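We did not get these values from a lab; they are worked out from the coordinates using the rules stated. Keep in mind that what you see is a predicted model, and the values were worked out from it rather than measured. FYI the Cβ positions are ideal-geometry reconstructions off the backbone, even for glycines, and counts take in every protein chain you see.
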Amino acid sequence: MMINLAAASVTATARRSPEQLSFGPYGLADLVDSFYFGEEDEEEMEEEEEEDKDTDWSALEAALEESEADSVACRIRAEAERAVEAVGFEQRGDELKMRVVGWLRDRGFDAGLCSSAWERSTDGVVTVAGRHDFIDVIHLGGRRRYILEIDFTSEFAIPRPTAAYAAFLRRIPSAFAGTEVTVGRVVGVMCEAMRESMKSAGMPLPPWRRKEYVEAKWLSEYVRRRGDRETEQGGGEGRKEEKKKARMIEGCREAEVRRGEGWRRCKLDVGQKENMVFS
């Protein structure tokens, strides 16, 4: 005679009293507590994430408002927008940027086209070497330096952004002008928001989206070109006193950047020699 073992097992289980049911090393009360407390932990984590987003948003707002309240930065940004509108985006890359530099110089700004470059770091923080071209404007005889990007938003574009990150990205102006310190603050907030967005989308953070790599675009050593043949070098160890005065004027500390095999602070060192190269 054949016996249906599965049916017999179900029947036997159904006949057991609640006291006879086994919940392993944890009792029924423990399982219920675990279920409800687990939900509370998830809620706490969500609340903490929202608080972090609020903090990051406040930090971004503060940095951008600082730039928007700077009359010199506003003038630079306004003239850059006029230059791009007059020249048109038909010209791209360095050609467009040099036209903007010429436009600014014709209007009394000490503008230049900067080419930064950096190597991989030995400790693995910066895992990819790179270079970047951007515009800067020297003000107050070199005591203050403004970074100008005519397409700043594109520097932080990522695939499949979350709604929160898309809001951050919309807050970034297309044309941006600000001091090196302000740039460092914006980069720090945006890179953290970018990391969270890609994590939520289940995507790994590529090395060229890490904070140290993005910072290096504007805060590492660079070669500066004011015209067709005028070449200067910046980002070295010179002009320490001028930088100290600039930090006192701005009322904030100098941003630290990591460079190559030796970590050091970013200094403004504008020379007068032609055809200078990176050391």
Study note, to complete from the structure: In this structure, the FRET efficiency calculated for Ser115 and Arg82 from their beta-carbon separation, with R0 = 35 Å, to the nearest 0.05, is 0.90
Review point. Placing +1 at every Lys and Arg Cβ and -1 at every Asp and Glu Cβ, with all other atoms neutral, what dipole size does the stretch 110-150 have around its Cα centre, in debye to the nearest 20?
Key: 140 debye
Check your understanding: Between Ala129 and residues 5 or more places away or on another chain, which pairs have amide H atoms under 5 Å apart, with H built 1.01 Å from N, and which residues are they?
Key -> Arg120
Check your understanding: Going by how many other Cβ atoms sit within 10 Å of their own, how do Trp208, Trp103, Trp118 line up, fewest first?
Key -> Trp208, Trp103, Trp118
Exercise for review: Pop a pseudo-label 7 angstrom from the Cα along the beta-carbon direction at both Asp54 and Asp106 and give the gap in nm to one decimal.
Suggested key: 5.0 nm
Review point. Once label points are set 7 Å from the Cα along Cα→Cβ at both Ala157 and Ala62, what is their separation, rounded to one decimal in nm?
Key: 3.1 nm
Check your understanding: How do Glu79, Glu192, Glu61 rank when sorted from fewest to most other Cβ atoms within 10 Å of their own Cβ?
Key -> Glu61, Glu192, Glu79
